[in-house]
Each structure stands twice: as structure tokens, then as C-alpha cells.
Amino acid sequence: PSRVRTICCIGAGYVGGPTCSVIALKCPHIKVIIVDVNPLRIDAWNSEKLPVFEPGLDDVVRRCRGRNLFFSTDIDAGIREADLIFVSVNTPTKTSGVGKGFAADLHYVEACTRRIASVATSSKIIVEKSTVPCRTAASMRTILESNTSETEDGKQITFQILSNPEFLAEGTAIRDLYNPDRVLIGSLDTREGKMAAHALREVYENWVDGSKIYETGLWSSELSKLAANALLAQRISSINSLSAICEATGADVSEVAHACGLDARIGPKFLKASIGFGGSCFQKDILNLVYLSESLGLTEVAAYWHQVILMNEYQKSRFARKVVQTLFNTITMKKVAVLGFAFKKDTGDTREAPAITLCKSFRQEKAFISIYDPKVPREQILLDLTEPGVVDDFEAVRAQVTIAPSPEEACRDAEAVVICTEWDEFAQKAEDEWRGIYATMKKPAFVFDGRGVVDAQTLRKIGFRVHTVGKGPQIIDPIWA
Ligand code: NAD
Ligand code: UDX
């Protein structure tokens, strides 16, 4: 049996909630308490409508909640009861002060660390689950060691710190947690550090094959998380840069991606051209890596990774410009239908969604925007499109943007359809359904497929004018005609 009997997870967000729910399911002998400062989030976790939409998550929570899985706002009680504590709070990009726009804001992590030091009455293993800059564990350790007290029976309390970054992707979180490519555990190279790593390993070994659990030093583990996200995002920026060449030449980016991916050294995954990557992690973590490199005086390294983000910004603005140019250089007062608002399919999350950038640029062009997304709540979309601090923008957004209950309603009387998320329901729409949409639209009717999900040939047969990211117009050249 595992030495860990009670786990507390601080932070009931997209990571803490699903991760520790799966631990509860796979380790019925461990009590798991997930705590958060936000009472609304905790209420939602305790209700029938969970605060996070993830395929399969409802079922996991239903099976364990009240058995060995608990959601609570009593953070201190959770800390006291646990042998092992996951710190899974948000680490957003700083919006002011030193490192503004690049560095990770670590004040939530520090607040948790201080809380643990002040309320713990026994020794604990503390696990960094949040994504943090390299060497954050050292700061946590200093804070803990400067603030430790004694147990009730006079023994010194000790804390072991581990790094255990999370690699799940939203939309496939439960599948990723059940069957991870690897579990990474970083620890200090001391006897106590190794023992702590072993205790965490035992938790995972309840369902993950031991060969997939990789133990490293603390700093390698912290850096590997930033590195993995940077490498993944770099592939997307690389294929997106090539999509621009494809559009200008008549090459087809899906053929280029397939051809390159057949090389076993390159591999086929994460080479799908798009309107740019979104999500809460890629941009934030690369900015974090850029800041880390700058801080270390590694200017060229910083510039190298920063380019991945600049290319992503370019892809989003290039696509927005394409829409305006194609619609005869003006979309003022025109209705534009936006299908999909989440940053990818199978999630209701809109953090850094490329649809936000696109819709904001359509707003600046004074278009009317009608948005349909199967999972993102109406209020979230309106909030995302409101410029903070701009007087009356709340009303302006509501006058300019409508949220439609179906793709059909979104597209009625529109001049163009812009696909921003690769939801299956868009990809699987039947020819007849597109025909129905075409009939209700202004002519010429345009489709801008930012995800390469619809069959352009079928749509063209209906009468649509279709632009797909990474697919150029066939160049009309007499030699090849
Ligand atoms: P989130 O914003 O959804 O959740 C964080 C939660 O922590 C919030 O509910 C917040 O109220 C709570 N919190 C903040 N400070 C607290 C405190 N002092 N005490 C108690 N609760 C507190 O964030 P998330 O998406 O779950 O991300 C968490 C971390 O995991 C981040 O560092 C992120 O980079 C990393 N990560 C995220 C993903 C992802 O797909 N979202 C994947 C891998 C890693
Ligand atoms: C990412 C990492 O994949 C995950 O390992 C890490 O733990 C958190 O960050 P996530 O952001 O949830 O996960 O989703 P992901 O599937 O990586 O997609 C991120 C963005 O890239 C989405 O906007 C997606 O549409 C886009 N993308 C992905 C592409 O544009 N092309 C691709 O080929 C793959």
C-alpha cells in the first residue's frame, strides 16, 4: 500500500480538478481533497454542472465524489490532513511590474507555499503541479524552511518539494491522464528527495506503467515542461509559416505536412495548419521561457523562441486581413458568421482563443458578428470581446455581436462564414445542410476555413467561394493550363 494516504490539491481549475479526480478514481485507498479560494468554483464541482467541460470528466467525478473525492473551500483543513499536497494554482503572465508581458506571475504559488508553512502540523511532500519557471522550487523551499514550526509532540516539521508538471491537453484530459506518454517527477538528489519522489511514483503506479515514470532533478523537470510546450508550439508556427507560402504558390499545406510527417524523424502529429494556436499554456509558457533566457543574458535564445509567438500573431492577423480583402476590402456593416469560439474542439475554454483576436479585428472594421459555439457560454464570449477599461464598450459589444443558437442561425443573412474551431459538427455537416445555409446567405457567399475542416470542393459545387488556410488559389499560368 502507498505511503500516501491523503492528498490535498490546491487549485480546482482545469488541471487540479481533472488530475486529482482521476487520482481519486484510480486510487480508492487514497482520500483526495481538492480546495480552492473561489467558492463558486467549489460549489460547481459539488453540483451536477461541473465548472470544466471535458469529455469523460462527469463520469469520473460521479464515481468518486463523496467516496474518496471531496471539493472544499477549507484550504487549511485540507493542508493539515494531507501527506502530499499538489500546488495547482494559476501562473498567468504578469500584466504589470518587472517582467510585464513575459514573466510568470508567481504570487498565487507563493501564497500557497506560505499558507502551507503556516498551517501545517506535520511533515508533507509538496508537489509543484503548476507550470513554473526553472528554479521556482528553490524559492518555495526557502520560504518553507524559514517558516517551519514543530509538530504537536515537539518534532521538527519537514517539507520535501517535488516537481511533477502536467502534460494533459484540454479536450482530451481524461484520456491523457489515464494513459500519459510519461509522468515526470523531479526531486532533489538527496535521500529524502528520492524517498518523496518514490512516494509520488507509488501513487501513479496504481495505473501507470512504471517504465513511463521518469525521475529527474528538480530543475530539469521544471524546464522540461516549458521546453515541451515550446517545442509543440514551434511545430505549429513552423507549419503555419509554410501555410503562407502555400497560399501564395498553390501548394497545399496538408499535403506538405503529410509528406514531411512521413519522415519518422519528423512524425505526423502537431502539423495541422490553423489560424494560430490558442489556449492558456503555449503563449504563456513561451513568454516565460523568453523571459528566463533574457534574465540569463541569453539574448539570441530569447529571440529564437519569441519568434514562435510572433509567427502566431502574424498568422492570426494574416487570416483576418484575408477576410477583409476578399470581401472587397470592406466588412463595415456586413454580417460575418463565426463558427466556433473555443481555442480547440471539445473544450469550453476560450483562453487565448484565436477567435478572440479575429472577432476583435472584425469589430474594428465595424462588422456585425454572429457567433455560434456549442460549448462556450454566451456571457463568456461577450466578456472576451469587451475591451477592459474602454468606456461603454460593454454596450458596444452587445450592439455589434450576437450569439446564435445554431450554425444555421449564425449564418442567416451573413456575407461570410469564418470557421475558427474544428468542432466535429462543422466537419461532419452534410452537403444538404450547407446547401440550406447557402440559401439563406447574401451572395456571393464566402467560407473562410481557418481549420481545414470542410470539403472545399463540395462547398464550391454549392456555390460558395471558399478560402482554406494553407491552400492557395490554383495559379492560372498558361504553361500549366
Ligand atoms: P485555473 O485558473 O483553471 O485554476 C487555478 C485555480 O487556482 C483557480 O480556481 C484559482 O481560484 C485557484 N487559486 C489561485 N490561488 C489560490 C490559492 N492561493 N489558494 C487556493 N486556490 C487558489 O488554471 P489551470 O488551467 O488549472 O492551470 C493551473 C496550472 O497548471 C498553471 O500553472 C498552468 O500553466 C498549468 N497547466 C495548465 C494546463 C491546461 O491545459 N490548462 C496544462 C498543463 C499545465
Ligand atoms: C497544450 C499541450 O499540448 C499540453 O501538453 C500542455 O499540458 C498544455 O498545453 P492545450 O493547450 O490544452 O495543451 O491543447 P493543444 O492540443 O496543445 O492545442 C493548443 C492549440 O494549438 C490549439 O489552439 C490548437 O487548435 C492548436 N493546434 C494544435 C494547431 O493549430 N495545430 C496543431 O497541429 C495542433
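Looking only at residues in the range 246-292 that are among the charged types (D, E, K, R) and more than 15 Å from the chain's Cα centre (by Cα), which one is surrounded by the fewest Cβ atoms within 10 Å (Cβ to Cβ)?
First pass over the range 246-292, keeping only residues among the charged types (D, E, K, R): 247, 252, 255, 263, 265, 269, 272, 284-285.
If we keep only those that are more than 15 Å from the chain's Cα centre (by Cα) as well, we get 247, 252, 255, 263, 265, 269, 272.
Details: Glu247: 21, Asp252: 19, Glu255: 12, Asp263: 9, Arg265: 5, Lys269: 9, Lys272: 20.
The selected residue is Arg265.
Looking only at the range 170-182, how many residues end up being touching a residue at least 12 places away in the same chain (Cβ under 8 Å) and either closer than 21 Å to Thr421 by Cα or within 13 Å of ligand 1 (Cβ to nearest atom) (or both)?
So the count comes out to 8.
Which pairs do you get when a residue that is under 13 Å from Leu339 (Cα atoms), found in the range 388-407, comes within reach of a residue that is acidic (Asp, Glu) and not in a helix (DSSP H, G or I), reach meaning Cβ atoms under 9 angstrom, with the pair 6+ apart or on two chains?
Final answer for the pair search is Ile403/Asp373.
All but one of (1) more than 20 Å from Asp349 (Cα to Cα); (2) among the charged types (D, E, K, R); (3) touching a Ser or Thr at 6+ places or on another chain (Cβ under 9 Å) hold for Arg451; which doesn't?
Here Arg451 clears every test but (1).
Give the residues of the range 312-344 that are buried (at least 20 other Cβ atoms within 10 Å of the Cβ), closer than 14 Å to Gly278 by Cβ and under 20 Å from the mean Cα position of the chain (by Cα), sorted by residue number.
If the condition is that a residue be buried (at least 20 other Cβ atoms within 10 Å of the Cβ), closer than 14 Å to Gly278 by Cβ and under 20 Å from the mean Cα position of the chain (by Cα), then Asn312, Gln315, Lys316, Gly340, Phe341, Ala342, Phe343, Lys344 are the ones that fit.
May I ask you to list the residues in the range 421-467 that are charged (D, E, K, R) and either closer than 23 Å to Ser243 by Cα or at pLDDT below 95 (or both)?
Glu422, Asp424, Asp449, Arg451, Asp455, Arg460, Arg465 - these are the residues of the range 421-467 that are charged (D, E, K, R) and either closer than 23 Å to Ser243 by Cα or at pLDDT below 95 (or both).
Among the listed residues Asp43, Asp58, identify the single one that is more than 16 Å from ligand 1 (Cβ to nearest atom), over 21 Å from Thr91 (Cβ atoms) and of a type outside the set (A, V, I, L, M).
Asp58
Restricting attention to the range 43-55, does a residue exist that is touching a strand residue (DSSP E or B) at 6+ places or on another chain (Cβ under 6 Å), assigned to a loop (DSSP other than H, G, I, E, B) and among the hydroxyl-bearing types (Ser, Thr, Tyr)?
No, that holds for no residue.
Give the range 66-83 a look and list any residue that's in a strand (DSSP E or B) and more than 25 Å from Ser280 (Cβ to Cβ), or say none.
Phe70
All but one of (1) assigned to a helix (DSSP H, G or I); (2) small (Gly, Ala, Ser); (3) loosely packed, with under 14 Cβ neighbours inside 10 Å; (4) in contact with a helix residue (DSSP H, G or I) (Cβ under 8 Å, 6 or more places away or on another chain) hold for Gly101; which doesn't?
Of (1) assigned to a helix (DSSP H, G or I); (2) small (Gly, Ala, Ser); (3) loosely packed, with under 14 Cβ neighbours inside 10 Å; (4) in contact with a helix residue (DSSP H, G or I) (Cβ under 8 Å, 6 or more places away or on another chain), only one is false for Gly101: (1).
Could you check the range 194-218 and list, in sequence order, the residues that are out of contact with any helix residue (DSSP H, G or I) (no Cβ under 8 Å at 6 or more places or on another chain) and part of a helix (DSSP H, G or I)?
Lys194, Met195, Ala196, Ala197, His198, Ala199, Leu200, Glu202, Tyr204, Ser211, Lys212, listed by residue number.
May I ask you to list pairs of residues, at least six apart or on different chains, whose Cβ atoms are under 6 Å apart, with the first in the range 458-472 being closer than 30 Å to Ser238 by Cβ and the second being at pLDDT below 95 and outside any helix (DSSP H, G or I)?
Gly472/Gly250
I need the strands (runs of 3 or more DSSP E) fully contained in the range 383-464, keeping only those with at least 1 residues that are in the same structural domain as Cys246 (by TED's automatic domain parsing) and among the charged types (D, E, K, R).
Working: elements: 401-403, 416-419, 446-449.
In the range 383-464, the matching strands (runs of 3 or more DSSP E) lie at 446-449.
Check Lys124, Lys212, Lys194 and return the single one that is touching a strand residue (DSSP E or B) at 6+ places or on another chain (Cβ under 7 Å) and within 16 Å of ligand 1 (Cβ to nearest atom).
Numbers: Lys212 fails: within 16 Å of ligand 1 (Cβ to nearest atom); Lys194 fails: within 16 Å of ligand 1 (Cβ to nearest atom).
Lys124 is the lone residue from the list that is touching a strand residue (DSSP E or B) at 6+ places or on another chain (Cβ under 7 Å) and within 16 Å of ligand 1 (Cβ to nearest atom).
Any idea which of Val15, Val60, Val22 is closer than 27 Å to Ser139 by Cβ, of a type in the set (A, V, I, L, M, F, W, C), in contact (Cβ under 8 Å) with a residue 24 or more places away in the chain and crowded, with 18+ Cβ neighbours inside 10 Å? Reasoning before the result, please.
Numbers: Val60 fails: closer than 27 Å to Ser139 by Cβ; Val22 fails: closer than 27 Å to Ser139 by Cβ.
Val15 is the lone residue from the list that is closer than 27 Å to Ser139 by Cβ, of a type in the set (A, V, I, L, M, F, W, C), in contact (Cβ under 8 Å) with a residue 24 or more places away in the chain and crowded, with 18+ Cβ neighbours inside 10 Å.
Taking the range 104-126, which residues are within 23 Å of Glu192 (Cβ to Cβ) and either in a loop (DSSP other than H, G, I, E, B) or within 16 Å of ligand 2 (Cβ to nearest atom) (or both)?
Ala120, Thr121, Ser122, Ser123
When only residues in the range 32-57 that are surrounded by 14 or more Cβ atoms within 10 Å (Cβ to Cβ) and charged (D, E, K, R) count, which is nearest to Cys112 (Cα to Cα)?
The selected residue is Asp36.
Across the range 333-367, what is the number of residues that are assigned to a helix (DSSP H, G or I) and more than 16 Å from ligand 2 (Cβ to nearest atom)?
Total meeting the criteria: 5.
The values are calculated or read from the model by the stated rules, or taken from the named source; none is laboratory data. These figures come from a predicted structure and were not determined experimentally. All Cβ positions, glycine included, derive from the backbone under ideal geometry; neighbour counts span all protein chains shown.
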